Amino acid sequence: MANSNLTVANLDFSSIKSSLKTYLSGQTVLKDFDFDGSNLNVMLDVLAYNTYMNNFYLNMVAGESFLDSAQLRDSVVSHAKILNYLPGSRTSSKAVVNLNIYPDDAPESITIPKYTAFTAMVGANTYTFTTDTGVTIFADANGNYSANSVDIFEGDIITELFTVDTSNTQQRYVISNKDIDTSSLIVKVTESTTDMANSTWTKSQGIAGMTGESNNYFIEPCENEKYEIQFGDGVIGRAVKNGNVIEAKYRRSAANSADGATTFSLSDDIQGYSNVLITTSSNSTGGGVAETIESIKFNAPKSISIQDRLVTIQDYKTLLKQEFNDIEAIHVYGGDTVNPPKFGKVIISVDLKNADGISAQRQADIEEFVRNRAPLSIRPEVVNPEFLFVDVTSNVVYNPNVTVKGKEEIKSAVTTAIQSHMAGTINDFDSKLRISKLVRAIDDADPAILHNNSSILLEKVIVPVLNEKASYSLNFDNPIYREIPTGNGDTKTFVDGSAPLESTPFTYNEIQGCSIRDDGNGTLQIIQEIAGVASVIQSTVGTIDYDNGLVNITDFQVSQYIGAGIRIRCNPVSQTVSSTQNIILSYNKTPKITVTQERI
């Protein structure tokens, strides 16, 4: 009897061919044929290839039909679109500059227009940065025209025009550049090419409160990593009319390639004035690539479950990240958990991609967005995050007999390992760092490393105004180690030579080389240390709560300090540290690494 067993669910070519050969040789009319040394072998190859290709194609079609198994970006985006999820676009790198303009006359004011262009070099590449708002400045008492803390964003400004043709039922308004930063998109609608009266339309943040007269547009993902602008139908959102001209203006971003720019130059003049001094307040940071396939798969199903309303903490995180693609980190918690309690409030702590913290305008935008979707009894409050930095000290021992690398190469490998471990562990809200895992990451940095002794300190930064008294409340969010010094009076010393809480040096009452330390009894002092001997300059400048990690500095006035601020460091009780509420545990990227040899 003929063999009718033929395996069809097979994706291996050799197995398919073998299965076909077994099937055909079982047929009475073909049982004496040589399937390996005749033309039948070629026929088997053709049949096997055809079967293999059909199996592969059908398997891929089935896989692309579901979000969790799709591999092609267009397929994943198509599924996300059905779930009303907008994948994040590229994000422009941002820098902050100060401008001093020196006109040859004395104008009443000088306006820095929106989209004023600057250039900067990162490596061998030149990038364009522009302002995103106009700034008007007036002369100060000394006749100087200065604009401080001006935000500039990387990216060429692109303008695209679309003419509405209602007779074309298939007309679409697709942005031609996949490198768009969607947060920069501005859409205007002009009546016609002859009537230039126009209005700026607002990006839709959901259909809540929208009428047929609302000038709102929608932005959706489409094929080839691009985005499409859509308009209402007269019932939900105003419809565009035949002959209308749609103007889309946006930044074409280079993502994170422009991060690290330090020096900027003006591309043209400002209101006719070219004598402009530019100083950099903050180097360019925050550039980001478009949302990955894996991230879309993770976030899209959660987005649809929210149904444009905010109830749970996860609702807030998912919907806000979807709507505001410049959010880098977000933490949401109830007002009843803070001290003192804020009943009826939900606290939203937000860190943006291209800034440390969040601007007042962005705070207002998020609060308005939340109020339209949260229960009536809930009042949102958006706050700036606090940064709690981790300072790493590591003493590394390696065996030079098993490597040709020198100390500097080992040190470089350790630096990279620490950076990688921190990036994957902290730099976020509600994060935790375990010293044991950090030690393991350092040991694994190079096979020649024998062991390491590593420790961490927690660090806060204060930026005092020179010669002005101020008070500061610092929350280290972890219990601080308490050590009772030995000795009497001003000669008290700590066993290891350093106090559990110390600061970087500053000038106090014209005395240089001063610093803050705790006295072991909950009091902060200002001391000056010379040749290892500490003298108390001010016996009381604040208090420290060791158990709760709270430090209060009162009536603190300095006349000089080094760097961007005064760093207050403390030794935590546990070498496993964490952050809660609006505190981001962050790596300060200034490790103290020593490398020594041990020959084995």
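The values are calculated or read from the model by the stated rules, or taken from the named source; none is laboratory data. Note that this is a predicted model, so its numbers are computed, not measured. Every residue, glycine as well, gets a Cβ built from its backbone with ideal geometry; the counts of neighbours run over all protein chains shown. Remember, those area values only see protein heavy atoms, side chains included, never the ligands or the DNA or RNA. Shrake-Rupley method; radii C 1.70, N 1.55, O 1.52, S 1.80 Å.
Table for the structure above
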| item | result |
| --- | --- |
| Sorted largest first, extent of the range 246-365 alpha carbons per principal axis (Å) | 54, 40, 32 |
| Where trypsin sites (Lys or Arg not before Pro) fall in DSSP loop in the range 408-492, at most 14 other Cβ within 10 Å | LYS469 |
| Accessible area per residue in Å² at 1.4 Å probe, computed on the chain | 51 Å² |
| Of all accessible heavy-atom area on the range 325-467, the percent that carbon and sulfur account for (1.4 Å) | 49 percent |
| Prolate/oblate/rounded call for the range 455-600, Cα gyration tensor, a/c under 1.5 rounded | rounded |
| With Cα atoms, 0 to 90° folded angle of helix 360-371 axis to the chain main axis | 50 degrees |
| In nm, spacing of pseudo-spin labels at ALA360 and GLN314 (7 Å Cα→C-beta vector) | 3.7 nm |
| Simple label model, 7 Å out from Cα along Cβ direction - ALA124 to PHE138, nm | 5.0 nm |
| Other-chain or far-sequence residues with amide H under 5 Å of ALA117's (modelled H) | SER267, ASP268 |
| Which of TYR250, TYR23 is most accessible, then next, and so on - probe 1.4 Å | TYR23, TYR250 |
| Rounded percent of accessible protein surface that carbon and sulfur make up, the range 219-309, 1.4 Å probe | 45 percent |
| The range 100-204: C-alpha gyration tensor shape, a/c 1.5 cut-off, then a/b vs b/c | oblate |
| Folded to 0 to 90 degrees: helix 293-306 orientation relative to the chain principal axis, Cα | 90 degrees |
| Kirkwood hydrodynamic radius over Cα pairs of the range 363-478, then Stokes diffusion coefficient at 25 °C and 0.890 mPa s, in µm²/s | 136 µm²/s |
| Vicinal HN-Hα couplings computed from phi for the range 237-245 (Karplus, 6.51 cos²θ - 1.76 cosθ + 1.60; Hz; Gly/Pro x) | x, 5, 8, 6, 10, 4, x, 4, 10 |
| Kirkwood Rh and Cα Rg combined as Rg/Rh, the chain | 1.08 |
| Helix axis angle, 313-323 relative to the chain longest principal axis, alpha carbon, degrees | 70 degrees |
| Spacing of the two label points (7 Å from each Cα toward its C-beta) at GLU483 and LYS188, in nm | 6.4 nm |
| Tail fraction, Cα-Cα pairs, the range 275-340, threshold 13 Å, whole percent | 73 percent |
| PHE298 accessible area, assembled protein chains, probe 1.4 Å, Å² | 120 Å² |
| Gyration tensor (alpha-carbon) shape descriptor, the range 304-369, a/c threshold 1.5 | oblate |
| Vicinal HN-Hα couplings computed from phi for the range 247-254 (Karplus, 6.51 cos²θ - 1.76 cosθ + 1.60; Hz; Gly/Pro x) | 10, 10, 10, 7, 9, 9, 8, 9 |
| Convex hull per residue volume in Å³, alpha carbons only, for the range 169-259 | 120 Å³ |
| Residues with amide H under 5 Å from that of ILE537, placed H, sequence gap 5 or more | ILE526, ILE527, GLN528 |
| Cα-based reach from LYS302 at 20 Å (exclusive), listing lysines while leaving out same-chain residues under 8 positions away | LYS81, LYS317, LYS321 |
| Surface accessible to a 1.4 Å probe, MET121 within the full protein complex, Å² | 100 Å² |
